[in-house]
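Below is one structure, written out as structure tokens; the observations come after it.
Bear in mind these aren't lab numbers, they're just calculated from the coordinates by the rules spelled out. Quick caveat, the model's predicted, so the values are computed rather than measured. Here the Cβ positions follow ideal geometry from the backbone for every residue, glycine too, while neighbour counts run over all protein chains shown.
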Amino acid sequence: MKIGIICYPTYGGSGVVATELGMALATRGHEIHFFASSRPFRLTGYRPNVFFHAVPVVHYALFEHTPYTLSLASSLFEDIASHGLDVIHAHYAIPHAVAAYLARQMGGGKPPIVTTLHGTDITLVGSHPAYAPIVKFTIDQSDRVTAVSRSLAEETRERIGVTCDIRVIPNFVCGNTYQRKTEGFDRTTLAPKGEPIILHISNFRPVKRIGDIIETFIKVRRRTPCRLVLVGDGPERVRAEQDAREAGVIEDVVFLGTQTAIIELFSAANVYFLPSETESFGLSALEAMACEVPVVGTRAGGLPEVVEDEETGCLVEVGDTDAMAECILRVITDPKLNVEMGRAARERALTLFPEKKVVTQYEDLYKEIA
């Protein structure tokens with residue numbers, strides 16, 4: 001099949017899932033066409049059956065805000081015709097599902113559209129009164145709709161009031177790629193004295209509650225030596241650096257910025273920390289689990305569907321930094337518990353969310369409508 005995939009190119013779960021899905025489909029012989037404003041950060045090197053289409057971002061003095069949806073729809077329309085795409089898979093409702101709908105209408109009702117909901121396209125943007133009507137319309141007009149967790153599917157029905165069926169197809173992880181590495185990485189570059197490492201990876205948006213990470217780390221560090229490694233970039237990074245400096249812990253906080261070699265970072269970590277306000281799924285937690293890293297997170301959104309409390313990590317209420325600190329302390333100071341949780345985490349990741357199983361679900365979905 002020839003499949004068009006629309007996604008965000010930046011550091012974030014939806015773009016990662018879309019890219020990994022496309023690459024996995026390409027290895028199965030499908031022809032994959034990615035559409036984004038720039039090359040997705042996980043789409044590296046040459047890959048057979050994979051094509052990337054950069055959507056032009058037109059700047060014109062008349063427009064205060066660049067009408068990206070329109071240029072995306074035009075690009076889709078042209079490439080649907082020139083490449084004979086069988087299916088368009090839009091990851092994220094706004095603006096991708098909207099653009100896919102416009103392109104399909106321009107093309108006379110073809111090809112069919114699959115829309116995958118990832119979280120903030122519903123919980124933050126899509127439920128805003130300015131966008132809710134168009135989000136509901138384009139979701140209902142999609143030929144198939146999926147959500148990455150049961151929690152997100154339920155929230156979409158409640159917030160948006162969609163009438164179509166929403167199929168839950170979770171995120172996935174490749175166990176051959178995501179596994180703990182014991183060689184080839186010098187852990188002392190992050191923890192010179194062999195201290196336990198608390199790891200967090202995100203796009204540093206407010207929903208990730210970066211302030212809770214710093215506050216929790218301060219409480220943990222008071223009781224045991226440890227290091228906090230923060231990977232990614234975004235609007236909350238500057239505040240996090242300021243908070244760490246004012247609290248006098250900056251020397252034990254490592255800001256790495258955006259990184260691609262995350263498996264090595266997971267392999268160095270003793271615990272993965274995800275104290276988000278909400279998580280539609282928690283892909284980074286799943287990747288950590290596959291690398292045998294226990295996860296401390298919040299009982300928010302779809303994260304409890306991924307992390308099994310007290311088995312593969314710990315879950316606490318949003319904002320409860322005292323409980324977060326206690327959980328992290330228990331995990332990083334008890335080597336036996338750390339190993340047991342890590343092994344259980346990998347087993348759960350590869351049993352419930354293996355790449356082969358989930359990619360096949362998408363493949364079957366395409367066949368239903370193509």
Can you tell me the Rg and Dmax of segment 187-352, counting just the alpha carbons, in angstroms? 14.1, 44
Which value at 222 nm does the chain reach when only helices count, each DSSP H run of 4 or more adding -39,500 (n - 2.57), with the total divided by all residues and rounded to the nearest 500 deg cm²/dmol? -12500 deg cm²/dmol
Environment charge of Lys2, counting only residues whose C-beta is closer than 11 Å and scoring Lys/Arg +1, Asp/Glu -1: -3
In degrees rounded to 10, the 0-90 angle between helix 68-83 Cα long axis and the longest Cα principal axis of the chain is 60 degrees
Taking springs between alpha-carbon atoms closer than 10 angstrom, which of Asp233, Asp320, Asp143 fluctuates most in the Gaussian network model of the chain? Asp320
Identify which of Val145, Val114, Val57 has the largest mean-square fluctuation in a Gaussian network model of the chain, with springs joining Cα atoms closer than 10 Å. Val57
How large is the convex hull of the Cα atoms of the chain per residue, expressed in Å³ as a whole number? 141 Å³
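If the only charges are +1 at each Lys and Arg Cβ and -1 at each Asp and Glu Cβ, what is the size of the charge dipole of the chain around the Cα centre, to the nearest 20 debye?
560 debye
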Candidate cut points under chymotrypsin sites (Phe, Trp or Tyr not before Pro) in segment 150-196, DSSP loop plus at most 15 other Cβ atoms within 10 Å of their own Cβ, are Phe185
Relative contact order of segment 187-352, pairs being alpha-carbon contacts under 8 Å that are 6 or more residues apart, as %: 22 percent
Once the Cα atoms of helix 335-352 and of the chain are each reduced to a long axis, what angle between those two axes, in degrees from 0 to 90 to the nearest 10, is obtained? 10 degrees
So how do Phe353, Phe255 line up by other beta-carbon neighbours within 10 Å, fewest first? Phe255, Phe353
What is the sum of charges around Glu264, taking Lys and Arg as +1, Asp and Glu as -1, for the other residues whose C-beta is under 13 Å from the C-beta of Glu264? 0
Could you give the angle, 0 to 90 degrees to the nearest 10, between helix 210-221's Cα long axis and the longest principal axis of the Cα atoms of the chain? 20 degrees
Among Leu25, Val173, Tyr272, the residue whose Cα sits farthest towards the positive end of the charge dipole of the chain (+1 at Cβ of Lys and Arg, -1 at Cβ of Asp and Glu, taken about the Cα centre) is Leu25
Please state the shape class of segment 281-362: rounded when a/c is under 1.5, otherwise prolate if a/b exceeds b/c and oblate if not, all from the C-alpha gyration tensor. oblate
What dipole magnitude, in Debye to the nearest 20, does segment 187-352 give about its Cα centre under +1 on Lys/Arg Cβ and -1 on Asp/Glu Cβ? 460 debye
Please tell me the relative contact order of the chain in percent, rounded to the nearest whole number, where contacts are Cα pairs under 8 Å and at least six residues apart. 14 percent
In a Gaussian network model of the chain with springs linking alpha carbons closer than 10 Å, the residue among Leu303, Leu117, Leu102 that fluctuates most is Leu102
